[in-house]
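Asks: One structure follows; several queries about it will come next.
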Amino acid sequence: MMQVRTLALGFLEENCYILTDEKTKKAIVIDPGDEEEKILDLLRGENLEVTCILLTHGHPDHVGALPALVEETGAKAFLHEADISLFHPPFTEKLQGQAFHLGDVEISVLHTPGHTPGSVCFVGPEHIFTGDTLFAGTVGRTDLPGGSGKDLSRSLNEKIALLEDGLIVCPGHGPSSTIRSEKIRNPFLRHS
């Protein structure tokens, strides 16, 4: 069974997620944005082994603690190639459609361009980690370099809207939600 912990980090209160398998004490870190000591304290305090670091996109508020985390854990970090070429965060490998595993849980990669060309969501059996693609009640900006409102609309309505209603939306900033709730109240997601 996968446990999900959230740390709101930095002045933008970016949500860093620590996914853990309690049996094996292995962990996946998603979007280590800032305040690396808070992340490392949690990992050390629970004696967790980081198997990989997953990045929803390459903006600095989502990758700020990456160098320290890679140095401390030795884990590989993965980012979509479109963001590697745009933002050059250090220590990253290309996401190439692979799935990631934590115990019995599989986490797949869903390419959702719009906020950035390489934005992705990570989809597990109960959660979707949306970075800055989808928030509770709204979406991420598209006016930054590489952003596209048209691409974001396609990602939301042709990919995310087709997912299971019960998935818990774990965004890059702010509170969690569900796909069903976002279909009902988010003006950027078409109602179905």
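Each reported figure results from applying straightforward, stated rules to the coordinates on display, with no laboratory input. For clarity, every value in this text was computed on a predicted model and none was experimentally measured. Neighbour counts run over all protein chains shown; Cβ positions are idealised from the backbone, glycine included.
Asks: Expressed as an acute angle from 0 to 90° and rounded to the nearest 10, what is the orientation of the C-alpha long axis of helix 36-45 relative to the principal long axis of the chain?
Replies: 60 degrees
Asks: Same structure, new question: Mind jotting down the three principal axis lengths of the range 81-183 based on Cα atoms? Whole angstrom, largest first.
Replies: On the principal axes, the range 81-183 reaches 34, 33, 24 Å in Cα extent.
Asks: Can you tell me the length gained on complete extension of the stretch Glu81 to Lys183, counting 0.36 nm per residue apart and subtracting the Cα distance?
Replies: Gain in length upon complete extension: 33.8 nm.
Asks: Under a Cβ-Cβ cut-off of 14 Å, what is the net charge of the residues other than Gly166 that fall near it, where Lys and Arg count +1 and Asp and Glu count -1?
Replies: -2
Asks: If you don't mind, another one. Computed over the Cα atoms of the chain, what is the convex hull's projected area averaged over all directions, in nm²?
Replies: 9.6 nm²
Asks: If R0 is 30 Å, what FRET efficiency do you get for Gln3 and Lys94 from their C-beta distance, rounded to 0.05?
Replies: 0.60
Asks: Tell me which lysines have Cα within less than 28 Å of Lys38's Cα, excluding those fewer than 8 residues away on the same chain?
Replies: Lys23, Lys25, Lys26, Lys76, Lys94
Asks: Same structure again: Taking 0.36 nm per residue of separation and subtracting the Cα-Cα distance, what length does fully extending Ser108 through Ala68 add?
Replies: 11.9 nm
Asks: Separate question: Ranking request for peptides 122-135, 26-39, 155-168: highest mean number of other beta-carbon atoms within 10 Å first, then the rest in descending order.
Replies: Those peptides, ordered most packed to least, come out 122-135, 26-39, 155-168.
Asks: Helix 149-158 sits at what angle to the longest principal axis of the chain, using alpha carbons and giving 0 to 90 degrees rounded to 10?
Replies: 90 degrees
Asks: For Lys183, which lysines qualify as cross-link partners when the Cα separation must be under 27 Å and same-chain residues fewer than eight apart are set aside?
Replies: Counting by Cα, and skipping residues close in sequence, Lys183 has these lysines nearby: Lys150, Lys159.
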